[in-house]
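The values are calculated or read from the model by the stated rules, or taken from the named source; none is laboratory data. Just so we're clear, the structure is a prediction, and the values are computed from it rather than from any experiment. Ideal geometry is used to build each Cβ from the backbone, glycine not excepted, and the neighbour counts take in all protein chains shown. Heavy atoms of the whole protein, side chains included, go into the accessibility calculation; ligands, DNA and RNA do not. Shrake-Rupley method; radii C 1.70, N 1.55, O 1.52, S 1.80 Å.
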Amino acid sequence: LKPLDCNLVYANSGEEALKQVLQRDFAAVLLDVQMPGMNGFETARLIKARERSLHIPIIFITAISQAEEHVLGGYSSGAIDYIFKPFHPESLRMKLEGLIGLYKHREQLKLHSKLLTKRTIELEETNEKLRETTLVLHKAEALNRVIIDTSTGTILTFDRQGIIQSANRAAVTMFGYTQDELIGMNVIELFPERNELKNKS
């Protein structure tokens with residue numbers, strides 16, 4: 001298994017294997033059927049009984065009977081494969097290489113999923129702040145309109161180029177234009193005498 005360049009963790013019994021599975025994540029488990037104390041079938045069933053280790057693929061390796069009931073016992077306890085000794089090393093390496101590749105792919109998907117969830121939450125928070133800011137702006141604009149419309153003084157708002165953006169009723173009365181006519185005019189047009197003085201100078 002050295003050519004696979006993976007971190008191999010050894011366990012000398014079923015109990016020790018379960019402790020290792022509780023402490024870390026594994027791409028695959030190679031399990032002997034005959035072990036001291038708890039046998040391979042019992043160990044596999046306990047590995048599969050835990051939520052965290054439920055999806056770990058288990059391959060049984062055994063030199064005992066190839067009888068159908070033993071093979072079925074291996075699969076029923078959660079194994080994905082049942083290999084008899086002596087086995088072909090290259091075949092085992094290829095199987096594990098595929099399982100390691102699947103594990104890495106799953107881990108990448110988990111990472112992408114976490115990043116996507118994080119970005120979704122951040123986007124939702126940003127949207128909520130934007131909604132709150134928009135609401136505040138709408139309230140401010142509504143209040144501003146009320147102040148402008150009810151003011152007895154003449155009020156005009158215009159941009160940097162002097163184009164009128166809004167005009168209150170007092171401005172309509174003062175300049176003799178309708179509100180629609182005032183909006184879009186240049187403020188200089190309302191004071192032709194000042195414009196003429198500017199041109200003369």
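Out of the DSSP beta bridges found with both residues in the chain, what percent are antiparallel (nearest 5)? Mind dumping the intermediate values first?
On the way: 4 of 13 bridges.
Counting only bridges with both partners in the chain, antiparallel ones make up about 30 percent.
Using r as the Cβ-Cβ distance of Leu92 and Gln34, and R0 as 22 Å, what FRET efficiency do you calculate, to the nearest 0.05?
With a Förster radius of 22 Å, E is 0.75.
For P(r) over Cα pairs in 10 Å bins from 0, in percent, one of (i) 7, 22, 27, 23, 15, 5, 0; (ii) 7, 20, 16, 7, 6, 6, 6, 9, 11, 7, 2, 0; (iii) 10, 40, 39, 11, 0 was computed from the structure I shared and the rest are decoys. Which label?
Among (i) 7, 22, 27, 23, 15, 5, 0; (ii) 7, 20, 16, 7, 6, 6, 6, 9, 11, 7, 2, 0; (iii) 10, 40, 39, 11, 0, the one derived from this structure is (ii).
For segment 1-64, rounded, prolate or oblate, judged on the Cα gyration tensor with a ≥ b ≥ c (square roots of eigenvalues), a/c < 1.5 rounded, else prolate if a/b > b/c?
Verdict is oblate for segment 1-64.
Amide H of Ser166: which non-local residues (sequence gap of 5 or more, or other chain) have their own amide H closer than 5 Å, using H built in the peptide plane?
Thr157
Counting only residues 5 or more places away or on other chains, whose amide H sits under 5 Å from the amide H of Asp32 once H atoms are built in the peptide plane?
Residues meeting the criterion, in which the H sits 1.01 Å from N, are Ile61.
Can you work out ³J(HN,Hα) from phi for every residue in segment 175-180, in order, using Karplus 6.51 cos²θ - 1.76 cosθ + 1.60 and θ = phi - 60°, giving whole Hz and x for Gly and Pro?
3J(HN,Hα) across segment 175-180, in whole Hz: 9, x, 10, 6, 4, 5.
Pairing the Cα long axis of helix 89-150 with the longest principal axis of the chain, what angle in degrees results, from 0 to 90 and rounded to the nearest 10?
Roughly 20 degrees between the two axes.
I want to check the label-to-label distance for Glu42 and Ile61. Put each point 7 Å from Cα in the C-beta direction and report it in nm to one decimal.
Result: 2.2 nm between the two label points.
Given Gln23, Ser166, Tyr82, which one lies farthest toward the positive end of the charge dipole of the chain, if we put +1 on the Cβ of every Lys and Arg and -1 on the Cβ of every Asp and Glu?
Gln23
To the nearest 10 Å², what's His138's accessible area with a 1.4 Å probe?
Here the residue's solvent-accessible area equals roughly 110 Å².
Heavy atoms only, probe 1.4 angstrom, no DNA, RNA or ligands counted: give me Arg52, Arg106, Arg169 ranked by accessible area, highest first.
Order by accessible area, largest first: Arg169, Arg52, Arg106.
Work out the length of the dipole vector of the chain about its Cα centre, built from +1 on the beta-carbon of each Lys and Arg and -1 on the beta-carbon of each Asp and Glu, and round it to the nearest 20 debye.
340
Excluding residues fewer than 8 places away in the same chain, name every one of the aspartates and glutamates whose C-alpha is closer than 12 Å to that of Lys85.
In chain and number order, the partners are Asp32.
For the pair Arg52 and Glu132, how long in nm is the line joining their label points, each one 7 Å along Cα→Cβ?
About 3.7 nm, to one decimal.
Report, in deg cm²/dmol and to the nearest 500, the calculated mean residue ellipticity at 222 nm for the chain, where each DSSP H run with n ≥ 4 adds -39500 (n - 2.57) and the sum is divided by the residue count.
Here the helix-only value at 222 nm equals -18500 deg cm²/dmol.
At 1.4 Å probe size, with no ligands or nucleic acids counted, give the accessible surface of Glu132 in Å², nearest ten.
Here the residue's solvent-accessible area equals roughly 100 Å².
Sort segment 76-122 into rounded, prolate or oblate with this rule: let a ≥ b ≥ c be the square roots of the eigenvalues of the Cα gyration tensor; rounded if a/c is under 1.5, and if a/c is not under 1.5, prolate when a/b is larger than b/c, oblate otherwise.
Taking the square roots of the gyration eigenvalues as a ≥ b ≥ c, segment 76-122 is oblate.
With all protein chains present and a 1.4 Å probe, how do Val29, Val172 order by accessible area, largest first?
Ranking Val29, Val172 by accessible area, largest first, yields Val172, Val29.
Compute the acute angle (0 to 90°) between the alpha-carbon long axis of helix 40-49 and the principal axis of greatest extent of the alpha-carbon atoms of the chain; round to the nearest 10°.
It is inclined by approximately 20 degrees.
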